[in-house]
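The values are calculated or read from the model by the stated rules, or taken from the named source; none is laboratory data. All values reported here derive from a predicted model rather than from experimental measurement. Note: ideal-geometry Cβ built from the backbone for every residue, glycine included; neighbour counts use all protein chains shown.
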Amino acid sequence: MFDLIVIVTRYLFVFYIIYFLAQGVAYIAAERAGPQQAGRRKQAGLRMRAAAAKQRVAIVFMHLSAYLILAYRPGEFRFDYRTLLVGAAGFVFIALGQFAAERVYKNSCPLLWNGVFFLLDTGLIMLQRITGFAERQIVWFAVGFTVMLLLPFVLKLIPRFENLERLYLYAGLLLLALTSVVGVKKFGAYHTIKILSLNVQPSEAVKFLFVFYLASVFRKQLTLRDMLFPTAMSAVLAAILTYQRDLGAALIFFTTFMLMHYIATGSAWFFAAGLTSLAAASVVAYKIFAHISVRITAWHNPWSDASGDGYQIIQALFAIGGGGLWGAGLTRGALTIPVLESDSIFAAICEEFGVVFGIGLIAVFIMVFYRGVNVALRCKKRYYALLAAGFIIILAFQAFLILGGITKLIPLTGVTLPFVSYGGSSIVICLMMAGILQWIYGKERG
Amino acid sequence: MDLRQGKGLMGMDEMKRNMRRVFWFLFILFSLVVINLGRFLLIESPSVVTHPTNTRLKTGDRSIIRGSIYDSAGRVLAESEGQKRVYPYGNITAHVTGYNMYGKAGVEAKYNFRLESLHMEVLQRVRNIIDGTPLQGNSVTLTLDAQLQTQMHDALGNRRGAVVVIEPSTGKILSMVSKPDYNPENIEQTWGELSTDAERAALINRASQGLYPPGSIFKILTAAAAYEFLPNYAEFEYECTGLAQFGPNAIHCVNGTAHGRVDIRKAFAVSCNSFFATVGFKIGAENLRAVAERALFNTAYPYLPGLELPVEYTRSSFALGVSNASDENSVPNSELIETAIGQGRTLATPLHMAMLTAAAANGGIMMRPYMVDHELTDTGGIVNKSLPAKLCAPFTFEESEWLKSLMVAAVTEGTASGVSIPGVAVAAKTGTAQNGSGEDHGWFVAFAPADKPQAAVCVLLENSGGARYAQPIARQAIEYVLALGSKTDIQD
């Protein structure tokens with residue numbers, strides 16, 4: 001009986017995500033129709049609020065359905081209280097979090113909040129499948145949210161924070177240098193430091209600082225000579241990260257720099273030159289660094305070392321292929337992939353919820369990023385536009401790196417899937433980025 | 001550009017245009033992920049998930065009854081009785097069904113997911129709850145004929161070797177036998193011995209995995225190359241003295257027999273090595289390679305993705321060093337002349353040679369070989385029906401007709417007379433493969449009737465000294481298929 005319920009609910013989850021996306025489309029349609037017909041402005045506003053409310057209902061239903069399944073113990077005909085408790089905590093977070101966020105961030109965009117909450121909740125449900133992770137993730141949600149809610153007050157305290165570019169840069173470099181000295185090795189990379197038994201990845205915080213730095217630099221008029229220093233500094237950051245074997249982060253910094261440079265200057269030749277030098281650097285790195293050539297080989301032909309270097313990607317492919325279009329059903333996946341809670345979480349989602357849901361999740365990401373670009377596009381201040389664009393680029397590219405990596409489109413680099421993966425620093429920083437986007441949205445509106 | 005000239009800040013509108021472009025760039029990246037995911041799921045995943053290291057194979061759902069495996073007439077080849085898997089034909093179909101333990105093999109491995117998949121899972125589970133109907137996985141119906149399989153298994157006796165019987169017009173595999181074999185029911189008790197005895201190698205499916213020098217049956221390809229690349233192939237005559245000298249290298253005819261004056265037809269019929277070595281030398285290595293590779297040497301058989309053969313297979317290899325034979329004055333490449341008569345380093349599987357024979361029988365078209373005809377659902381419905389598909393065309397139609405006439409002559413006036421059946425035109429070729437491990441391997445390929453082929457057969461007998469023991473086995477297969485054909489004709 002329970003198996004039957006699990007199998008039927010597979011379609012329910014697909015329905016939730018499609019409904020969620022459809023309401024997102026309805027929201028955007030109403031928003032676009034609004035300004036053209038002055039008389040209907042109010043009506044469009046109502047339609048938008050209705051669509052956002054329906055999205056929230058979809059999240060709540062998804063959360064409840066998932067936790068009822070997760071908590072049920074089929075052999076014993078009872079529910080597991082601990083799981084139910086985590087589910088309830090998650091529910092409170094969804095309900096209160098959104099309420100508080102919309103109070104603190106005046107005039108924020110509900111579509112963006114909903115997208116973020118959908119991703120957070122999907123991650124939480126998946127983490128509940130691995131003992132202990134969901135509980136800690138809830139704690140991180142609380143921490144991240146608190147920081148995010150404090151952010152507007154902090155920003156208010158600092159006058160003209162666009163002038164602090166050197167501060168961002170040196171703080172970032174210091175953090176990375178610190179990791180090199182006291183870092184602990186995790187998954188073959190030295191990018192984690194231990195604080196009070198918690199693993200923290202400083203490179204996550206550096207991402208945040210890096211966008212502030214680049215936005216501060218690019219807001220001004222730049223000659224080629226002015227460009228030298230930021231370019232060199234960005235290269236230094238990427239080099240330190242490569243040295244620390246945090247390839248994913250190095251690639252993210254590089255791409256963010258190139259794309260923000262393109263936005264600020266429109267110079268396509270610089271972008272092309274950047275790509276060329278990246279290609280050249282990759283070839284050199286492939287030849288010199290063993291840990292890079294291993295990853296390329298594992299991507300190109302994982303079967304050559306199926307139990308070693310190719311293990312993770314092969315297990316991910318088994319999971320995705322085993323789940324098929326509609327998934328094996330929540331709780332029915334084999335979940336044999338290593339680093340399930342972070343790198344591989346998308347493959348696990350595909351295994352249990354199916355590839356249709358997985359593609360839906362990618363669509364939710366696209367929706368969030370579309371919204372973020374909208375925030376950037378409506379800015380009047382150059383600095384804010386750059387800041388918003390920077391955060392979108394960094395989040396989107398990171399999501400692409402891991403989504404493409406775990407599906408064998410590109411070599412796998414161990415980065416987290418924003419908002420979905422477990423990981424303290426990752427969740428906190430992602431929420432801070434979302435907060436900044438909403439802050440800019442509210443500030444530059446009207 | 002404004003950067004270098006320091007023209008001043010870029011306008012907001014331009015910057016926003018750039019932002020839109022960047023967004024589209026990111027959007028394209030995400031689209032690539034989605035496309036790749038869909039491509040993987042539809043095209044690659046069916047063969048990926050069957051990989052032996054997939055532990056999902058071992059942690060199957062215990063409440064689901066694993067589906068059965070049937071032959072083309074519905075005879076049971078494998079079925080589940082409780083937790084036990086029984087194989088009524090035991091050793092006879094061992095290499096086809098494979099075993100359901102120790103990583104699995106054969107159909108049991110390649111169709112593992114399908115055998116434990118529930119058709120209309122929701123419906124089955126509802127019925128299971130209402131009236132306790134067991135959850136039944138899909139069954140698989142093969143193209144194999146268990147009677148023919150039994151005959152071929154018996155005919156091989158204690159010899160090591162393989163038999164493959166293919167229906168040329170469709171590519172259906174009617175029989176695939178490999179010896180030594182094992183009993184899949186006792187695999188647990190015998191595993192230690194089976195997996196360690198490398199000399200017997202009973203777990204290897206010799207029909208599809210065994211690589212042997214093709215010997216004289218490779219002359220089919222050398223003849224085809226002569227047809228294509230030697231303008232006077234039909235008139236060319238050669239005085240065979242039982243020995244052909246190429247610089248320091250010599251090619252001998254079997255037993256040193258001098259065949260006298262032969263043209264290509266006669267030489268093919270009597271399998272004259274000297275003639276074909278000479279012709280091969282004239283053809284040149286590159287041309288010979290082109291013909292061999294068109295016939296899928298050096299190619300992992302390009303089966304339609306997800307529809308590949310449910311048995312483990314190895315690709316045949318055409319190995320020949322860079323040739324200097326195009327230069328008339330150069331020293332002949334000893335490897336080229338050896339390869340032209342099927343020796344040298346070129347290796348082929350019996351399955352591949354059966355496919356090649358079937359292509360010659362089928363107007364030059366090689367059909368995709370297949371062994372699973374369809375799947376049966378719990379209620380007896382047919383799903384995933386396989387349809388015949390063209391794999392490649394090694395020969396043109398005229399070329400195949402000409403090859404056919406050569407192969408018929410080999411039966412009527414040559415070395416393959418052992419396969420002749422009264423009233424039926426049979427086309428065939430013998431082969432004797434010298435090898436490093438003792439006695440020569442005997443090869444025999446045949447198809448019949450020549451004008452409307454119903455069966456193509458390949459028999460390989462390890463260390464049997466020659467093709468003479470293989471010929472009666474091929475004849476038996478052909479007689480069986482023809483008798484079956486006439487029986488169904490009457491019923492029609």
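Could you pull out every one of the helices (runs of 4 or more DSSP H) wholly within the range B:229-300 that has 1 or more residues that are modelled with pLDDT under 90?
B:273-283, B:285-294
Determine which single condition residue A:408 fails, assuming it passes every other condition in (1) more than 9 Å from every other protein chain (Cβ to nearest Cβ); (2) at positive phi; (3) not acidic (Asp, Glu).
The number of the failed condition is (1).
I'm checking my understanding of the structure. Among residues of the range A:410-431 that are hydrophobic (A, V, I, L, M, F, W, C) and in contact with a Leu (Cβ under 6 Å, 6 or more places away or on another chain), which one is nearest to residue A:253 (Cα to Cα)?
Among those that are hydrophobic (A, V, I, L, M, F, W, C) and in contact with a Leu (Cβ under 6 Å, 6 or more places away or on another chain), it is A:415.
Kindly provide the set of residues from the range B:131-165 that are over 25 Å from residue B:440 (Cα atoms) and of a type outside the set (S, T, N, Q), ordered by number.
B:131, B:132, B:134, B:135, B:137, B:140, B:142, B:144, B:145, B:146, B:148
Looking at the range A:408-422, can you tell me whether even one residue there is touching a Ser or Thr at 6+ places or on another chain (Cβ under 7 Å), touching a residue at least 24 places away in the same chain (Cβ under 8 Å) and closer than 25 Å to residue A:303 by Cα?
Scanning the range A:408-422 turns up at least one residue that is touching a Ser or Thr at 6+ places or on another chain (Cβ under 7 Å), touching a residue at least 24 places away in the same chain (Cβ under 8 Å) and closer than 25 Å to residue A:303 by Cα.
Return the residues of the range B:27-42 that are more than 8 Å from chain A (Cβ to nearest Cβ), among the β-branched types (Val, Ile, Thr) and either in contact with a Cys (Cβ under 6 Å, 6 or more places away or on another chain) or under 14 Å from residue A:408 (Cα atoms) (or both); say none if nothing qualifies.
Across the range B:27-42, the qualifying residue is only B:35.
Based on this model, can you work out whether residue B:91 counts as part of a loop (DSSP other than H, G, I, E, B) and touching a residue at least 40 places away in the same chain (Cβ under 8 Å)?
Taking the combined requirement at face value, the residue does not satisfy it.
Suppose we filter B:97, B:133, B:93 for residues that are surrounded by fewer than 19 Cβ atoms within 10 Å (Cβ to Cβ), among the polar types (S, T, N, Q) and either within 14 Å of chain A (Cβ to nearest Cβ) or closer than 22 Å to residue B:202 by Cβ (or both); which single one remains?
B:133
In the range A:337-373, what residues are over 19 Å from the mean Cα position of the chain (by Cα) and over 25 Å from residue A:8 (Cβ atoms)?
Within the range A:337-373, A:337, A:338 meet the criteria.
Pull up the range B:15-26, narrow it to residues that are at the interface with chain A (Cβ under 7 Å from one of its Cβ atoms) and more than 17 Å from residue A:402 (Cα to Cα), then point me to the one that is surrounded by the most Cβ atoms within 10 Å (Cβ to Cβ).
Checked the range B:15-26; the qualifying residue surrounded by the most Cβ atoms within 10 Å (Cβ to Cβ) is B:19.
Does the range A:120-135 contain any residue that is over 22 Å from the mean Cα position of the chain (by Cα), surrounded by fewer than 20 Cβ atoms within 10 Å (Cβ to Cβ) and more than 18 Å from residue A:367 (Cβ to Cβ)?
For the range A:120-135, residues over 22 Å from the mean Cα position of the chain (by Cα), surrounded by fewer than 20 Cβ atoms within 10 Å (Cβ to Cβ) and more than 18 Å from residue A:367 (Cβ to Cβ): present.
Restricting attention to the range B:243-259, which residues are surrounded by 16 or more Cβ atoms within 10 Å (Cβ to Cβ) and either under 15 Å from residue B:337 (Cβ atoms) or of a type in the set (A, V, I, L, M, F, W, C) (or both)?
Within the range B:243-259, B:244, B:246, B:249, B:251, B:253, B:254 meet the criteria.
Please count how many residues of the range A:304-316 are away from chain B (no Cβ under 11 Å) and either under 15 Å from residue B:47 (Cα atoms) or part of a loop (DSSP other than H, G, I, E, B) (or both).
Going through the range A:304-316 one residue at a time, the tally reaches 2.
Testing residue A:102 on (1) under 26 Å from residue A:64 (Cα atoms); (2) outside any helix (DSSP H, G or I); (3) without any contact (Cβ under 8 Å) to a residue 12 or more places away in the chain, one condition comes back false. Which one is that?
All conditions are met except number (2).
Name the one entry in B:432, B:415, B:357 that is of a type in the set (Val, Ile, Thr) and either assigned to a strand (DSSP E or B) or over 21 Å from residue B:473 (Cβ atoms) (or both).
Being of a type in the set (Val, Ile, Thr) and either assigned to a strand (DSSP E or B) or over 21 Å from residue B:473 (Cβ atoms) (or both) holds for just one of B:432, B:415, B:357, which is B:432.
If I ask for residues that are at the interface with chain B (Cβ under 9 Å from one of its Cβ atoms), of a type in the set (Gly, Ala, Ser) and more than 19 Å from residue A:20 (Cα to Cα), which ones from the range A:334-378 would you list?
Of everything in the range A:334-378, those that are at the interface with chain B (Cβ under 9 Å from one of its Cβ atoms), of a type in the set (Gly, Ala, Ser) and more than 19 Å from residue A:20 (Cα to Cα) turn out to be A:334, A:376.
For the range A:221-279, give me each residue that is surrounded by 21 or more Cβ atoms within 10 Å (Cβ to Cβ), away from chain B (no Cβ under 14 Å) and among the hydroxyl-bearing types (Ser, Thr, Tyr).
A:234
Which condition number does residue B:173 fail, the rest of (1) in contact with a Pro (Cβ under 6 Å, 6 or more places away or on another chain); (2) farther than 23 Å from residue B:299 by Cα being met?
So the condition that residue B:173 fails would be (2).
Is at least one residue of the range B:465-475 over 26 Å from residue B:296 (Cβ atoms), buried (at least 19 other Cβ atoms within 10 Å of the Cβ), at pLDDT below 95 and within 24 Å of the chain's Cα centre (by Cα)?
Yes, that holds for at least one residue.
For the range A:44-67, indicate whether the set of residues that are buried (at least 19 other Cβ atoms within 10 Å of the Cβ) and more than 21 Å from residue A:110 (Cα to Cα) is non-empty.
Yes, the range A:44-67 has at least one match.
So how many residues does the range A:360-401 have that are of a type in the set (Val, Ile, Thr) and either in a loop (DSSP other than H, G, I, E, B) or in contact with a Phe, Trp or Tyr (Cβ under 7 Å, 6 or more places away or on another chain) (or both)?
6
Taking the condition more than 22 Å from residue A:303 (Cβ to Cβ) and either modelled with pLDDT under 90 or polar (S, T, N, Q) (or both), does residue B:61 pass?
yes
Is it true that some residue in the range B:402-421 is surrounded by fewer than 20 Cβ atoms within 10 Å (Cβ to Cβ), without any contact (Cβ under 8 Å) to a residue 24 or more places away in the chain and either of a type outside the set (Ser, Thr, Tyr) or in contact with a Pro (Cβ under 7 Å, 6 or more places away or on another chain) (or both)?
no
Looking at A:389, A:434, A:363, A:396, which is the one that is free of Cβ contacts under 8 Å to residues at least 60 places away in the same chain and among the small types (Gly, Ala, Ser)?
Only one candidate passes the filter, namely A:396.
Are any residues in the range B:425-458 crowded, with 24+ Cβ neighbours inside 10 Å and of a type in the set (Lys, Arg), and if so, which ones?
Within the range B:425-458, just B:429 meets the criteria.
Within the range A:317-324, can one find any residue that is surrounded by 16 or more Cβ atoms within 10 Å (Cβ to Cβ) and not in a helix (DSSP H, G or I)?
Yes: one or more hits.
Please verify whether the range A:418-435 includes one or more residues that are buried (at least 22 other Cβ atoms within 10 Å of the Cβ) and farther than 24 Å from residue A:136 by Cα.
no
Filter the range B:13-32 for residues that are of a type in the set (A, V, I, L, M) and over 14 Å from residue A:256 (Cα atoms) and give the result.
Scanning the range B:13-32 gives B:15, B:28, B:29, B:32.
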